[in-house]
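The values are calculated or read from the model by the stated rules, or taken from the named source; none is laboratory data. Just so you know, these numbers come straight off a predicted model, no measurement behind them. Glycine also receives a Cβ, built like all others from the backbone with ideal geometry; neighbour counts cover every protein chain displayed.
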Amino acid sequence: MTTAESRPSLDFVRTAIEDDLKQGRFPGVVTRFPPEPNGYLHIGHAKSICLNFALAAQYGGKCHLRFDDTNPIKEEQRYIDAIKEDIRWLGFDWGGNEFYASDYFEQLYEWAVKLIEAGLAYVDDLSLEEIRQYRGTLTEPGRPSPHRERPVEENLDLFRQMRDGAFENGSKVLRAKIDMASPNINLRDPVMYRILKAKHHRTGEAWSIYPMYDWAHGQSDSIEGITHSICTLEFEDHRPLYDWFIQALGIHHPRQIEFARLNLSHTVMSKRKLLELVNENHVEGWDDPRMPTISAMRRRGYPPEAIRAFAEGVGVTKRKQTVSIALLEHHVREHLNKSAPRIMGVIKPLKVVIENYPEDQSDELEAVNNPEDESAGTRKVPFGREIYIEQDDFMEDPPRKFFRLAPGREVRLRYAYLVTCTEVIKDADGNVTELRCTYDPESRGGNAPDGRKVKATLHWVSARHGLRAEVREYNALFTQEDPTDVPEDGDWRETINPDSLNVVLDAIIEPSVRGAAPGTRYQFERIGYFCVDPDTTGDTLIFNRTVTLRDAWANIKKREGNA
């Protein structure tokens, strides 16, 4: 139950709901999330999911999951399964309230017949292209179809034959008879049914006609007793049409409230464009961690709690805006900083030989699992004569403010000892291939007994005990904030980032991760947050970089505060 302390602030959606409840317009709150099963859900859908389920929970109501399965050509069972998995993973449960628009095909047909009998719908022989031409423009009224005044009995007979499969695809449609001169184009005799002889994933070949979304949407809400239909702004101009249908039928009237859809920087949210990315092999699938889909974010290692916090933080507004992807990453870091165990992993290994450390000796050093969570405890990390450090943590000729390892310089090895670089080994091309160092045996734990100070602490992995791993470093999929902001003759695909994925094949990870299950999240100390990928098999570990350690959003807010 939502407590007073955790209750969300009153935005315009919640204000409208509370007004309805106070006035007795509805006895309670019933919301719904109505995805079309023609693709995978993305972060924009996640915002809608979080909003609708949160509203139901806040007001002691329920949220339905209803699939808008009115187009059998594009819809598949695998998308239904993926959608349900995503919603459950986000932490929501619709209980027994799982519905399908196809559940209502018979009722929708009967209501269409009712409108025909009332002279409010007719069968039209115009093609879809002709209907568009007759519809007019934003500045010019439409023209009535030559079939608009067909007798009721003829319309009923033709509509029955359409259902029975007597006509070919595209030869006839059923249209509502409203107002061809309306300033709202949606009211200019919209199409309610089209002939579509295709097998449906639930109803098979029982139907030769399928309802259009604008016809099925409001009536499905009405059948289910939805009280508040929360939609994005593109449906605002459709609301008068939904109202007209419901009033003409005299059925339960939900209240529709529109909010601005979520736009995220450096990505695309169009399902059509996402499908093109997949089909054209710009990405490896719907769950490619560079995609904005929920399944991709799950694979990348985003926690569901972070996505929910992001959705709540963004809130609902009427104003269109693009949210920086850095804000989403901020919430991911916030959660992982508190929950992810720390380990040491070296992405670009540089070998270090500690010459005064005995060859046949090894240590087990105490390492903290998460300094943000005392209950996480500690682990043992093996240490030996040969270790790996990051290549970037050594410079042979360092600038003044470089405090990490260099010839003659002493640094601290995390949880281990103080070491000093004594020799640099290079290959024939002058590349550094190995470092020789000495260590202070009295500095176990990283502190010298004489109190001398060092300015840098490096992470490391034992060469003998470390595990080889593949690391996939993901960056933004597009090079510009709005990938679709291209010249008229341009192509949004040209903004795809060629460096959105960098694969490292020879990373070295501490042995505590052996056997880690796919989906396990870690912080690689000093580097970032990583997640075990499902491609991991046996001893071949594969890690996806979830986010870097540095919080770009915090720096953005700091700069804004100083402006």
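For residues that are small (Gly, Ala, Ser) and outside any helix (DSSP H, G or I), scanning just region 207-225, find the one that is farthest from Phe235 (Cα to Cα). Step through it out loud before you land on a result.
Step one: list which residues in region 207-225 are small (Gly, Ala, Ser), which gives 208, 216, 218, 220, 222, 225.
When the remaining residues are screened for being outside any helix (DSSP H, G or I), the result is 208, 225.
Values: Ser208: 27, Gly225: 20 Å.
Looking at residues that are small (Gly, Ala, Ser) and outside any helix (DSSP H, G or I), I get Ser208.
Being assigned to a strand (DSSP E or B) and of a type in the set (A, V, I, L, M) is the filter here, so list the residues in region 453-492 that pass it.
Leu458, Val461, Leu467, Ala469, Val471
Given the conditions (1) surrounded by fewer than 19 Cβ atoms within 10 Å (Cβ to Cβ); (2) part of a loop (DSSP other than H, G, I, E, B); (3) on the phi < 0 side of the Ramachandran plot, which single one is not true for Pro240?
Every condition holds for Pro240 apart from (2).
Counting only residues that are more than 20 Å from the chain's Cα centre (by Cα), buried (at least 16 other Cβ atoms within 10 Å of the Cβ) and not in a helix (DSSP H, G or I), how many does region 306-340 have?
Looking only at that region, the number is 1.
Looking only at region 392-421, count every residue that is surrounded by fewer than 18 Cβ atoms within 10 Å (Cβ to Cβ) and assigned to a helix (DSSP H, G or I) and tell me the total.
Result for region 392-421: 1.
Residue by residue through region 500-550, note down the ones that are hydroxyl-bearing (Ser, Thr, Tyr) and either at pLDDT below 95 or surrounded by fewer than 13 Cβ atoms within 10 Å (Cβ to Cβ) (or both).
Going residue by residue through region 500-550, those that are hydroxyl-bearing (Ser, Thr, Tyr) are 500, 512, 520, 522, 529, 536-537, 540, 546, 548.
Of everything in region 500-550, those that are hydroxyl-bearing (Ser, Thr, Tyr) and either at pLDDT below 95 or surrounded by fewer than 13 Cβ atoms within 10 Å (Cβ to Cβ) (or both) turn out to be Thr536, Thr537, Thr540.
Please give the number of the condition Gln256 fails out of (1) assigned to a helix (DSSP H, G or I); (2) over 13 Å from the mean Cα position of the chain (by Cα); (3) closer than 22 Å to Ala54 by Cβ.
Gln256 satisfies every listed condition except (1).
For the subset of region 341-391 comprising residues that are part of a helix (DSSP H, G or I) and either among the β-branched types (Val, Ile, Thr) or over 26 Å from Ala406 (Cβ atoms) (or both), which member is modelled with the lowest pLDDT? If you could, list the steps in order and put the result at the bottom.
Just the residues of region 341-391 that are part of a helix (DSSP H, G or I), to begin with: 374-376, 391.
Retained after the next criterion (residues that are either among the β-branched types (Val, Ile, Thr) or over 26 Å from Ala406 (Cβ atoms) (or both)): 374-376.
On the way: Glu374: 92, Ser375: 95, Ala376: 95.
Checking each candidate, the answer is Glu374.
If you go through region 223-234 one residue at a time, do you hit one that is closer than 19 Å to Tyr109 by Cα and either of a type outside the set (Gly, Ala, Ser) or buried (at least 20 other Cβ atoms within 10 Å of the Cβ) (or both)?
Yes, there is a match, as at least one residue in region 223-234 is closer than 19 Å to Tyr109 by Cα and either of a type outside the set (Gly, Ala, Ser) or buried (at least 20 other Cβ atoms within 10 Å of the Cβ) (or both).
Please state which of the following conditions Asn431 fails to meet, knowing it meets all the rest: (1) in contact with a strand residue (DSSP E or B) (Cβ under 6 Å, 6 or more places away or on another chain); (2) closer than 21 Å to Ala507 by Cα; (3) exposed (fewer than 14 other Cβ atoms within 10 Å of the Cβ).
Only one criterion in (1) in contact with a strand residue (DSSP E or B) (Cβ under 6 Å, 6 or more places away or on another chain); (2) closer than 21 Å to Ala507 by Cα; (3) exposed (fewer than 14 other Cβ atoms within 10 Å of the Cβ) is unmet by Asn431, namely (1).
Looking only at region 186-202, which residues are buried (at least 16 other Cβ atoms within 10 Å of the Cβ) and either of a type in the set (Gly, Ala, Ser) or not in a strand (DSSP E or B) (or both)?
Within region 186-202, the first condition is being buried (at least 16 other Cβ atoms within 10 Å of the Cβ), and the residues that meet it are 186-196, 200-202.
Once the filter is applied, which keeps residues that are buried (at least 16 other Cβ atoms within 10 Å of the Cβ) and either of a type in the set (Gly, Ala, Ser) or not in a strand (DSSP E or B) (or both), region 186-202 yields Asn186, Leu187, Arg188, Asp189, Pro190, Leu196, His201, Arg202.
Condition check: assigned to a loop (DSSP other than H, G, I, E, B), at pLDDT below 95 and either assigned by TED's automatic domain parsing to the domain that holds Pro289 or under 30 Å from Leu274 (Cβ atoms) (or both). Does Pro35 satisfy that? I'd like the intermediate steps shown before the answer.
On the way: assigned to a loop (DSSP other than H, G, I, E, B): yes; at pLDDT below 95: no; either assigned by TED's automatic domain parsing to the domain that holds Pro289 or under 30 Å from Leu274 (Cβ atoms) (or both): yes.
So Pro35 fails the test.
So Leu275 fits all but one of (1) surrounded by fewer than 18 Cβ atoms within 10 Å (Cβ to Cβ); (2) under 14 Å from the mean Cα position of the chain (by Cα); what number is the exception?
Of the numbered conditions (1) surrounded by fewer than 18 Cβ atoms within 10 Å (Cβ to Cβ); (2) under 14 Å from the mean Cα position of the chain (by Cα), the odd one out for Leu275 is (2).
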